[in-house]
Amino acid sequence: MSGFIFDLDGVIVDTAKYHYQAWKQLADKIGIEFSLEQNEQLKGVSRADSLNKILEWGQKTISNETFTALMKEKNEQYLDFIATMDDNEILPDVSKVLNYLKTKKQKIALGSASKNAVQILEKVKLTHYFDAIVDGNQVTNAKPNPEVFLNAAKQINVQPEHCIVFEDSLAGIQAANIANMVSIGIGDASILAEADYVFKDFSEMSLEFIDKLINLKN
Ligand code: BG6
Ligand code: MG
């Protein structure tokens, strides 16, 4: 048996655009330029680390109190964006793959940096697929540190080398590689070149390929 670990943002749901919009509003407000290219570097990165990077890019220093207030403001804006989210926002063929893995009795875990992960899974009605959920509330070291995935593997009781990680961020692919897991990039192959395999989305992934992953290490 294998363990399948899914990142959330950008893999299961297209929340990356909402994170970007919320950071962009904040950056505009504090007078820092923030581009889509820079946003790419925030994928998979925790809320606090993201704000630190934005401040660094804008060469701005702020007090701890302001830092906390800005993180809160960004999250409130983000929560506003995702308030109306439902299962229509599940990315292509994610449900098909989750269903297939369930019928094959594979272990499924979530490995996300987000502190809003449980809420989002509920909104898109996918919670019941997951044998374990590891999110930003349980992890101290952000991706590319492998903590989130190692923790998930432990919770589903599967050895790291028998785990497969689906990720849309470079930091997440690097974390999976460091954890000695099979890394599968979902998105742009030029950004995710360090992954073992890359697919534009799950609709490009055949059931034969998933069978191969299931049997990979048995
Ligand atoms: C990751 C996203 O999944 O979660 C990042 O790719 C985000 O963009 C991080 O910053 C933390 O999310 P949240 O919901 O806790 O602010
Ligand atoms: Mg992601």
List the number of the failed condition for Glu76; all other conditions in (1) in contact with a helix residue (DSSP H, G or I) (Cβ under 9 Å, 6 or more places away or on another chain); (2) more than 15 Å from ligand 1 (Cβ to nearest atom) hold. (2)
Qualifying residue in segment 9-23 (condition: farther than 21 Å from Ala176 by Cβ, hydrophobic (A, V, I, L, M, F, W, C), touching a helix residue (DSSP H, G or I) at 6+ places or on another chain (Cβ under 9 Å) and at pLDDT 95 or above): yes
Output the residues belonging to segment 187-205 that are within 19 Å of Leu8 (Cα to Cα), of a type outside the set (D, E, K, R) and open to solvent by 10 Å² or more (accessible area, probe 1.4 Å). Gly187, Ala189, Ile191, Ala195, Tyr197, Val198, Phe199, Ser203
Taking into account only those residues within segment 9-63 that are in a loop (DSSP other than H, G, I, E, B) and of a type in the set (S, T, N, Q), which is nearest to Val139 (Cα to Cα)? Ser46
Quickly run through segment 131-141 and pick out the residues that are more than 16 Å from ligand 2 (Cβ to nearest atom), touching a residue at least 12 places away in the same chain (Cβ under 8 Å) and part of a loop (DSSP other than H, G, I, E, B). Asp131, Asn137, Gln138
Is it the case that segment 171-186 has a residue that's more than 23 Å from Asn99 (Cα to Cα), at pLDDT below 95 and open to solvent by 10 Å² or more (accessible area, probe 1.4 Å)? yes
Say whether the condition of being of a type in the set (S, T, N, Q) and away from ligand 2 (no atom under 16 Å from the Cβ) is met by at least one residue in segment 44-57. yes
Go through (1) surrounded by fewer than 13 Cβ atoms within 10 Å (Cβ to Cβ); (2) modelled with pLDDT under 95; (3) polar (S, T, N, Q); (4) closer than 26 Å to Pro144 by Cα and name the single condition Thr84 misses. (4)
Could you list, in sequence order, all residues of segment 100-151 that are open to solvent by 50 Å² or more (accessible area, probe 1.4 Å) and touching a Leu at 6+ places or on another chain (Cβ under 7 Å)? none
Could you count how many residues in segment 64-74 are farther than 18 Å from Ile32 by Cβ and surrounded by 16 or more Cβ atoms within 10 Å (Cβ to Cβ)? 0
Per the filter on segment 99-129, residues in contact (Cβ under 8 Å) with a residue 60 or more places away in the chain and assigned to a helix (DSSP H, G or I) are Tyr100, Leu101, Ala117, Ile120, Leu121
Flagged in segment 105-115 as more than 17 Å from Lys154 (Cβ to Cβ), touching an Asp or Glu at 6+ places or on another chain (Cβ under 8 Å) and not small (Gly, Ala, Ser), in numbering order, are Lys115
Being of a type in the set (Ser, Thr, Tyr) and open to solvent by less than 40 Å² (accessible area, probe 1.4 Å) is the filter; apply it to segment 1-34 and report the residue that is farthest from ligand 2 (Cβ to nearest atom). Ser2
Does Gln59 fit the bill of being more than 12 Å from ligand 1 (Cβ to nearest atom) and open to solvent by 70 Å² or more (accessible area, probe 1.4 Å)? yes
What are the pairs, 6+ residues apart or on separate chains, where a residue within segment 27-50 that is closer than 20 Å to Ile62 by Cβ and within 14 Å of ligand 1 (Cβ to nearest atom) has its Cβ under 7 Å from a residue that is among the aromatic types (Phe, Trp, Tyr) and open to solvent by less than 30 Å² (accessible area, probe 1.4 Å)? Ala27/Phe34; Phe34/Trp23; Leu42/Trp23; Ser50/Trp23
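The values are calculated or read from the model by the stated rules, or taken from the named source; none is laboratory data. Not measured: the values here are computed from a predicted model. Quick reminder, even Gly has a Cβ in these numbers, built from the backbone with ideal geometry, and neighbours come from all protein chains shown. Note: accessible area is taken over every heavy atom of the protein model, side chains too, but ligands, DNA and RNA are not part of it. Shrake-Rupley method; radii C 1.70, N 1.55, O 1.52, S 1.80 Å.
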